[in-house]
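The structure appears below as structure tokens.
The values are calculated or read from the model by the stated rules, or taken from the named source; none is laboratory data. Note that this is a predicted model, so its numbers are computed, not measured. Every residue, glycine among them, receives a Cβ derived from its backbone with ideal geometry; neighbour counts consider all protein chains shown. Surface areas here come from the heavy atoms of the whole protein model, side chains and all, with no ligands, DNA or RNA. Shrake-Rupley method; radii C 1.70, N 1.55, O 1.52, S 1.80 Å.
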Amino acid sequence: MRGIAGYVGRRNALSVLIDELKRLEYRSYASTVIAYQNGKGIESCKTWGGAAKLRVALPSPLPDVRVGIGYADCTVADTPAPHNVDMHRETGMRVVCAGTVDVPEKMRTQLVPMGTACRPLTEVGLISASIAESLRRGLAVRDAIGETVAMLQGRYALAFLFENSPETIYLIKNGSPLVAALGDNEVFFGSDMLSIFPYTRKFIFPEDGQICGLRRNGIEMMHLHTSRVISLKDRVAEVGENILPAQKAGDADVLLKEIHEQPKAVMDTVGEWVDDPEGLMDALGLRRDIRNVRRLHIVGCGSSYHAGLVGRYIIEKFVHIPVSVDISSECVYMKPNITKGTYFVALSQSGETHDTVEAQRDARKKGAFVLALCNVAGSSSTREADSVLYTRAGRERGGASTKAFAAQLAALCLLGMALGKRKGTLQDLEVETLKSLLFNLPGLIARVLGNEKKVRDIARMLVPSKGFVYLGRGINYPVAKEGALKMMELSSIHAEGYPIGELKFGPQALIRDGVPVIFVSPIESLDDEILHEITRVKAMGGRVVIVTDSPASVSKIADEILVVPSIHPALLPFLTVIPLQLLGYHVADLKRPTRQATRLGKGRNGGPRSPRISSCPQLWEI
């Protein structure tokens, strides 16, 4: 995952850029680069670490500059040193890139006569060399950028500084999130709207193929292919304070803080609509066509995908219509058959997950009604959807999703309840019972969080483990998968989540003496078959940890028990996931006490990324 930022205006550009990059650190960036116009040319600074280390690396006091761009990357490398930052030096230009850009072989071939073949250039280096060659041939800056970008593929956002245009920053994007913003005689840009929020509320969202020129007195935007200037009169969106999330409030570890914020995230999400499901249908634009809903298709990545799996159980139970759930990246490539009457639900915390946005674009082209469940107003997913149901989790800074996952469960539960009431598959008494339970849910989550010391004691015993197996059945299976994901993300220990019935078809080979096997088994699913599987795991030498609301039922066969309160089966995932999040956190905390809260390496789709040269921060000097 990569992010870019920039500023031109009346303030000190370095101070603003450091602040912007710091606000992007919830993405777990590991290295940063900055470039700025110093009055005589372009100067740059690079460092391994976050914005605080960048500030130390810059001159003190900060130079008085007014134009600059920055870049941050979650580079995965064995040696955390500044030399992991790639840099190519000539003169006259700097380029930063977010996303993934592919340079076609034709461009590489064209650059061979210029001598670039003898240099180890990444994709951004080749882009820089191509633009430099176009400038040497006498093309104007915009035309040089356009000529090169027209040949590129992939999903990217590019920002350029030129020595011969010292007061201007140029931007262009294709599929990657990018936002510009207007202030008082100043202009900002970034990969994330929230990084700019403290400075202005007036945002512009460039579309693919539009070249933007940013100057302190405004933004000039034109089409790449037609060179037609685009009026900004109706393109400035004023975003309200309601999406600005709470900031970090002194906790030693922001991830643990966010785990403990889940009662509030659930309450804020359900509180808006739980008393008025009919109003929710109106707000989503579903009331008129609700009888025509034949099926739902949910997509998401990572924790959002797991929330979608839980949502399938909830919605099928409440609404009695089929629900399919796909990983967004797979949905993009397998091109599912979207038929009439399909409602497409896109789950994303940020609203900028490439594959999720791409999947919803494809669904809209096929005529589906697209509903975005998202945590960030103004994001790509919300702007391109037919309707939006917002989660109210606030900004997640911990890298691993916790409170956003809980808020997504709450939103899916609201959706299922509203659809069920409108279609007549939920009776009034059932709806009132669910309302009461949802209002009580934050208090029950808080009770589970109160058992954190017990979870840490178990984590201390499990720290030496080399692998974990998580098992669940029915609605508890995706919870098991989410628990395994949290263990992998936070502790870098291999973990797998499976349906309990699949244990005998391969996963049991992972179980040997001392391997922790975590069963998510509340009383409603605790039948003789599951008890038999627990006994088998014990016989194979596994260390059995059971998350349940009925400790008496498993006290004789469990090595450790994590108890949650009893509640309606559809709402159990809100409670059973909490001990698994805490377990992943505390195993990681005990394993590496000096670690940063979460230093996750995520690729363009949010998954692990292996080290490679071109994944390092790319600030290119031509």
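Tabulated values for the structure
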| quantity | calculated |
| --- | --- |
| Net charge of neighbours whose Cβ lies under 9 Å from the Cβ of residue 375, counting Lys and Arg as +1 and Asp and Glu as -1 | +1 |
| Spacing of the two label points (7 Å from each Cα toward its C-beta) at residue 566 and residue 337, in nm | 4.4 |
| Computed [θ] at 222 nm, deg cm²/dmol, the chain (DSSP H ≥ 4; -39,500 (n - 2.57); rounded to nearest 500) | -10500 deg cm²/dmol |
| Residues with amide H under 5 Å from that of residue 38, placed H, sequence gap 5 or more | 43 |
| Residue-wise HN-Hα coupling along the stretch 174-181, computed from phi with Karplus coefficients 6.51, -1.76, 1.60 (Hz; x: Gly, Pro) | 8, x, 9, x, 7, 9, 10, 8 |
| Positive dipole terminus of the chain, leading residue within 325, 304, 227 (C-beta point charges) | 227 |
| Solvent-accessible surface ranking, highest first, for 320, 306, 494 at 1.4 angstrom | 320, 494, 306 |
| Label-zone membership for the stretch 365-409, site residue 234, 7 angstrom Cα→C-beta point, backbone N under 14 Å | none |
| Electrostatic dipole magnitude of the stretch 336-385 [Cβ: Lys, Arg +1; Asp, Glu -1; Cα centre; debye, to 20] | 280 |
| Pair residue 384, residue 222: separation of 7 Å Cα→Cβ label points (nm) | 2.6 |
| Positive-end residue of 52, 160, 265, charge dipole of the chain with Cβ unit charges | 160 |
| With Cα atoms, 0 to 90° folded angle of helix 303-319 axis to the chain main axis | 50 |
| Label corresponding to log10 I(q)/I(0) by the Debye sum over Cα atoms at q = 0.10 Å⁻¹ when calculated from the structure given, among (i) -1.15; (ii) -0.91; (iii) -1.04 | (ii) |
| Order by protection proxy (mean Cβ within 10 Å, highest first), peptides 193-201, 352-360, 139-147 | 352-360, 193-201, 139-147 |
| Distance violations [Cα-Cα > 28 Å] among 453/591; 40/106; 335/466; 264/504; 481/591; 264/454 | 40/106; 335/466; 264/504 |
| Sequence-separation-based contact order of the chain, relative, with Cα cut under 8 Å and 6+ spacing, percent | 16 |
| With Cα atoms, 0 to 90° folded angle of helix 123-136 axis to the chain main axis | 20 |
| Portion, in percent, of the accessible area of the chain that falls on carbon or sulfur, probe 1.4 Å | 51 |
| Highest-first arrangement of 569-578, 546-555, 180-189, where packing means the average Cβ count within 10 Å | 569-578, 180-189, 546-555 |
| Label-to-label distance, nm, for residues given as residue 430 and residue 15 (7 Å Cα→Cβ offset) | 6.0 |
| Dipole magnitude of the stretch 470-567, debye to nearest 20 (Cβ charges: Lys/Arg +1, Asp/Glu -1, about Cα centre) | 240 |
| Accessible surface, per residue, of the stretch 307-459 when the full set of protein chains is kept, probe 1.4 Å, Å² | 35 |
| Area of residue 525 that stays accessible when all protein chains are in place (1.4 Å probe, Å², to 10) | 10 |
| Student exercise, the chain dipole from Lys, Arg, Asp, Glu Cβ charges, in Debye to nearest 20 | 680 |
| Solvent-accessible surface (1.4 angstrom probe) belonging to residue 388, in square angstrom, nearest 10 | 40 |
| Label-reachable residues, the stretch 482-523, where backbone N falls under 15 Å from a point 7 Å from residue 538's Cα toward its Cβ | 514, 517-519 |
